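What follows is a single structure, written as structure tokens, with notes after it.
The values are calculated or read from the model by the stated rules, or taken from the named source; none is laboratory data. Because the structure is predicted, anything quoted here is derived from the model rather than measured. No Cβ is skipped: glycine too gets one built from the backbone with ideal geometry, and neighbour counts run over all protein chains shown.
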Amino acid sequence: MAVRFAVLGAGRIGQVHAKAISTTDGATLVAIAEPFEAAAQSVQAAFGCDLRTIEEIALSSDVDAVVICTPTDTHASLIEQFARAQKAIFCEKPIDLDVERVRECLKVVEEENATLMVGFNRRFDPDFMALKSAIDGGRVGDVEMITITSRDPSAPPYDYITRSGGIFRDMTIHDFDVARWLLGEEIETVQAAASVLTDLKIGELGDFDSTNVILRTASGRQCVITNSRRAAYGYDQRIEVLGSKGMVSAKNSHEANIEIAGNGGFQSPPLLNFFMTRYTAAYATEIAAFVKAVAEQKTPPTTGEDGLRALELAEAAVNSVETGQTVKVSYSKRTLA
């Protein structure tokens, strides 16, 4: 029997997930909840689902799972509401911007024995999955050092920056999750540096646009993360893993994977310039993984605990910038799922 879904929020990411559900075997889209009528009707017209309120969806017997794509400040409360309604939950990151609020939310999820998956889509990118497979297969030996490069073509709107929680909680949080996934050990210390180099207005709003982070595990493994809100050449997403036997890397995705050579040198098409196109396959694979977890009643691959750990690393990075010191990560006493 297909897993029956409702999507909460019909913005850009809500539409991406609605499409993924409608094209995933074993899933069907039943309803959409969205206060803006035009957006709701657009999804309804595209996928033939019902328009319902969040409260109606919570009471709907024909909905097994929800995908939360609403503003960040609603995530924790909606997770709790639908955990109590005995629905499986997929929630876009972060669960909340406050670590203590996330811990409270996960306690409810645990008490209700609910299924919760957090949307860290980069783990599901085909190239990054192949890189992880190479590590797990022993192709590069023991992991020693990782470099993650993540640079946006341009900054988000100023209004978004004021409510994003800052670059570490909004942007680097994806890289923190990938680092944990690839290192194979929990991160013990965080050293971060942050500047405003691309847009002074971002600094006036209390955020940074250029950051570097060094993560270190107890055994000494290291990961360097470099972020920028502006890369003039496109959406820059690369990973390099150095191991005891060699190196594996995942390169950027171009509009076409070709290279042209002539007397002027070598040329390649531009990079994909937007996260929605760069990670199209990842979003689809991510939803398919959630459907599989719900159908088989298994723990999903990216849990609420993963969301909490990534946010705790973001908090440590903020603390490091404020103090100018290397910070020991303050993890909750919860056990990893």
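Observations
- Filtered residues of segment 160-213 (kept if out of contact with any helix residue (DSSP H, G or I) (no Cβ under 9 Å at 6 or more places or on another chain) and within 25 Å of LYS132 (Cβ to Cβ)): MET171, LEU183, GLU185, GLU188, ASN212
Here's the yes/no breakdown for (1) in contact with a Pro (Cβ under 8 Å, 6 or more places away or on another chain); (2) without any contact (Cβ under 8 Å) to a residue 12 or more places away in the chain:
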| position | (1), (2) |
| --- | --- |
| GLY14 | no, no |
| SER22 | no, no |
| ILE32 | no, no |
| PRO35 | no, yes |
| ALA38 | no, yes |
| SER60 | no, no |
| VAL66 | no, no |
| THR70 | no, no |
| HIS75 | yes, no |
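- Hey, VAL102 over 22 Å from GLY11 (Cα atoms) and out of contact with any Cys (no Cβ under 8 Å at 6 or more places or on another chain) or not: yes
- Some residue of segment 255-277 being charged (D, E, K, R), in a helix (DSSP H, G or I) and either in contact (Cβ under 8 Å) with a residue 60 or more places away in the chain or closer than 30 Å to ALA232 by Cα (or both): no
- Residue satisfying condition, being farther than 23 Å from ALA317 by Cα, under 17 Å from the mean Cα position of the chain (by Cα) and aliphatic (A, V, I, L, M), within set ILE148, ILE135, ILE95, ILE89: ILE89
- Selection from segment 98-152 of residues that are under 16 Å from GLU80 (Cα atoms) and among the hydrophobic types (A, V, I, L, M, F, W, C): VAL99, VAL102, CYS105, LEU106, VAL108, VAL109, ALA114, LEU116, MET117, VAL118
- The listed residues are GLU56, GLU34, and the only one of them that is surrounded by 22 or more Cβ atoms within 10 Å (Cβ to Cβ) and of a type in the set (Asp, Glu) turns out to be GLU34.
Yes or no, residue by residue, for (1) of a type outside the set (A, V, I, L, M, F, W, C); (2) in the same structural domain as ARG151 (by TED's automatic domain parsing); (3) assigned to a helix (DSSP H, G or I):
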position	(1), (2), (3)
GLU104	yes, no, yes
VAL109	no, no, yes
ASN113	yes, no, no
LEU131	no, yes, yes
ARG139	yes, yes, no
